[in-house]
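Take a look at the structure set out below.
The values are calculated or read from the model by the stated rules, or taken from the named source; none is laboratory data. The structure displayed is predicted, hence computed values, not measured ones. Here the Cβ positions follow ideal geometry from the backbone for every residue, glycine too, while neighbour counts run over all protein chains shown. With ligands, DNA and RNA removed, areas are computed over all heavy atoms of the protein, side chains included. Shrake-Rupley method; radii C 1.70, N 1.55, O 1.52, S 1.80 Å.
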Amino acid sequence: MCGIFGCIIREGQAVKLITDGLKRLEYRGYDSVGVAVINNNQMDIRKDKGRIEEVVSELSILEMEGKIGLGHTRWATHGAPAYENAHPHTDEIESIAVIHNGVIENYSELKDELIDKGHIFRSRTDTEVIPHLIEEEMKSDIGLQGAMLRILRRLRGSYALVVLSTHEPDKLYCARNESPLVLGISGNGTYCASDVPALLPYTNQVNYLRNGEMAILDIDGFSIIKISDGSEIVRPNTEITWSPEMAEKQGYIHFMLKEIHEQPTSLRDGLRLQERYLDLLTQFLDRGKEVFLVAAGTSYHSCLAGAYLFSKLARLTTFPVVSSEFMEIYGSTVGIDSIILTVSQSGETYDTLKAIDHARMRAATVLGVTNTVGSTLTRVARAYLIQQSGPEIGVAATKTFTSQVLVLAQMALRLAKNRGKLSQDELDEFEIKLHLVPDWVEETISKSEDTVKKLAKNHLDESLFLFLGRGISSATALEGRLKLLEITYIPSLAYPAGESKHGPISIIEEGVTCIFVCPRGETHNHILGSIMEMKSRGANIVSVCEEGDEEVKRISDEVIEMPRGIPEELTPIVYITPLQLLAYHLAVLKGLDPDKPRNLAKSVTVP
Ligand code: AGP
């Protein structure tokens, strides 16, 4: 997730607006910054890694002159934060500058094709193929608009991109597929940005570019063109009434709520993993004598779900362990044949890095799944995958949990394929279901939020909750409990349901609320038994179950219904979303700030 801003103005210098706009978008990414302007048909590009303030001052960006330009703040997905990977990227003679947010899935085949034609690449990004593709198309005399349409029809994946070129020095070309891009217009000019907050100081008249659309901006306004057939689209502008603070959260009151609602998008991005790294990681997993899944907090819960996925799909035994316990429990046995698959949103969690240090000292192979390119984890791991969630500001992990489980599911599926553990039909079926996950999450969030709000009101004065699930749903139950605990401070327990009769059942008395995660699947019959155990002792039963699951509904007091047909192995990604919402709404009703829970930090970098 990156920040994009572009403008063409009558009065003032474009860089002033660009740098202000980028500051307002810094929450979208902040590892490198770059600006390009055109003045007297000369392109001036300045960029580097670092925060906006540093880069702007070190490169004297505010001295750049010109009435047209674009700027980018980066959240790395391909290639570490570095000068050469910072945007804009250009063709060889710097006549075309491109900024991009998203992931170009077919960049390596496009890059190979361009290299064969003699193009020289300077970065490790997927974005750099775009200016080279445009340069190549411009050779056939079809003009910039023709070249843009041709190349856009070849790009697969997600993008919001803006192009500035000396071929048409008074225009900006923009395009969108699945990554947001908003156009704006005022008396002083025309603008584009990845989010509304960057536009608000200049205009409240905006037009949201839609998937498959390209826009051509000039000083007087913009035209919108359908990429597939080149036809023009006319759509009225929208008037924005948000305050700048609301706009930063896209109209949501809190980042946590925004991030919960962002999950369909972050999951779609999470399905676009880099194939070669997916292969590399699964090859390592296959070779190890023993595989440990090491993580803390929410990331540990992803590992728990991962252990079920690796076992059920790929028949691989793994050992999930919390980072802070790794050395105590496996420190003296881990060795050259061990694989440590580390999962960490930040890639900087102290306990996780300590566990890795120890494992590396004993010659084990360290792999990573993280959200943060350039983090310590990406530097020390033998190989890693980026989960593509984009920055998460709320302290409580939400979209990063679902992305992590999705990444682990894809790894398990790839390993199952390589090991021949599933039939082709089973592989195909699971692959189809994986791609339905973002839609299921979207449906769940939109259908369940009102039910969850009512539930939160009904349970506002509760002093204890018990979360139970079986099989992979025990990971969902643990994560649901962690969300509730960290932002509402309500004491709660979570257990695999089968364990409840070995202790936790003693706390059950009339009216204690038990939240059951009970998808259909292998664990369904057992969970019915567990519900009855609690119900017969007076517990109040809230079940998260499949729509139309009459058996569960009959014995529950309240239910949250989930879409039908989700394979049990994928349910943590979907079933966790109403539990995230429940924690969120309870916190808000209690007057607490869910984005900044007491005593907690986003990244725990101390012992
Ligand atoms: C979860 O909501 C918390 N923010 C916390 O448990 C977090 O998951 C944990 O600190 C691990 O962080 P990491 O993924 O950045 O390593």
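Below are the figures for this structure:
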item: The listed residue being over 22 Å from LYS399 (Cβ atoms), open to solvent by less than 30 Å² (accessible area, probe 1.4 Å) and more than 13 Å from the ligand (Cβ to nearest atom), out of ILE356, ILE340, ILE336; result: ILE340
item: Odd one out for GLY347 among (1) modelled with pLDDT of 95 or more; (2) within 11 Å of the ligand (Cβ to nearest atom); (3) on the phi > 0 side of the Ramachandran plot; result: (1)
item: Qualifying residues in the stretch 124-147 (those that are open to solvent by less than 10 Å² (accessible area, probe 1.4 Å) and hydroxyl-bearing (Ser, Thr, Tyr)) - the one modelled with the highest pLDDT; result: THR127
item: Qualifying residue in the stretch 403-426 (condition: open to solvent by 10 Å² or more (accessible area, probe 1.4 Å) and within 16 Å of the ligand (Cβ to nearest atom)); result: no
item: Residue among LEU485, LEU455 that alone is open to solvent by 30 Å² or more (accessible area, probe 1.4 Å), closer than 14 Å to GLN580 by Cα, in contact with a strand residue (DSSP E or B) (Cβ under 8 Å, 6 or more places away or on another chain) and part of a helix (DSSP H, G or I); result: LEU485
item: Condition met for VAL321 (in a strand (DSSP E or B) and either within 9 Å of the ligand (Cβ to nearest atom) or in contact with an Asp or Glu (Cβ under 7 Å, 6 or more places away or on another chain) (or both)); result: no
item: Index of the failed condition, GLU509 passing every other in (1) touching a strand residue (DSSP E or B) at 6+ places or on another chain (Cβ under 8 Å); (2) farther than 21 Å from VAL452 by Cβ; (3) open to solvent by 60 Å² or more (accessible area, probe 1.4 Å); result: (1)
item: Breaking point among (1) surrounded by fewer than 24 Cβ atoms within 10 Å (Cβ to Cβ); (2) touching a strand residue (DSSP E or B) at 6+ places or on another chain (Cβ under 6 Å); (3) not hydrophobic (A, V, I, L, M, F, W, C), for LYS111; result: (2)
item: Inter-residue pairs, beta-carbon under 7 Å, first more than 17 Å from PRO572 (Cβ to Cβ) and touching a residue at least 12 places away in the same chain (Cβ under 8 Å) and in the stretch 304-323, second within 16 Å of the ligand (Cβ to nearest atom) and hydroxyl-bearing (Ser, Thr, Tyr), 6+ apart; result: VAL322/TYR300; SER323/THR349; SER323/THR352
item: Selection count where residues are aliphatic (A, V, I, L, M), open to solvent by less than 10 Å² (accessible area, probe 1.4 Å) and either farther than 23 Å from PRO504 by Cβ or outside any helix (DSSP H, G or I) (or both), scope the stretch 540-565; result: 5
item: Pairs where the first residue, in the stretch 374-395, is among the aliphatic types (A, V, I, L, M) and the second is open to solvent by 30 Å² or more (accessible area, probe 1.4 Å) and assigned to a strand (DSSP E or B), C-beta under 8 Å, 6+ apart; result: LEU377/TYR384
item: Residue ID - farthest from the ligand (Cβ to nearest atom), chosen from residues in the stretch 293-312 that are aliphatic (A, V, I, L, M) and open to solvent by 10 Å² or more (accessible area, probe 1.4 Å); result: ALA307
item: ALA497 being among the small types (Gly, Ala, Ser), under 27 Å from THR400 (Cβ atoms) and either within 16 Å of the ligand (Cβ to nearest atom) or open to solvent by 10 Å² or more (accessible area, probe 1.4 Å) (or both); result: no
item: Options VAL574, VAL588; residue that is out of contact with any helix residue (DSSP H, G or I) (no Cβ under 7 Å at 6 or more places or on another chain), among the β-branched types (Val, Ile, Thr) and more than 16 Å from the ligand (Cβ to nearest atom); result: VAL588
item: Set GLY71, GLY3, GLY66, GLY34: member being at pLDDT below 95 and buried (at least 18 other Cβ atoms within 10 Å of the Cβ); result: GLY3
item: Flag for GLU568 being more than 16 Å from the ligand (Cβ to nearest atom), of a type outside the set (A, V, I, L, M, F, W, C) and open to solvent by 30 Å² or more (accessible area, probe 1.4 Å); result: no
item: Residue count, the stretch 359-402 (criterion: open to solvent by 20 Å² or more (accessible area, probe 1.4 Å), in a loop (DSSP other than H, G, I, E, B), more than 9 Å from the ligand (Cβ to nearest atom) and not hydrophobic (A, V, I, L, M, F, W, C)); result: 3
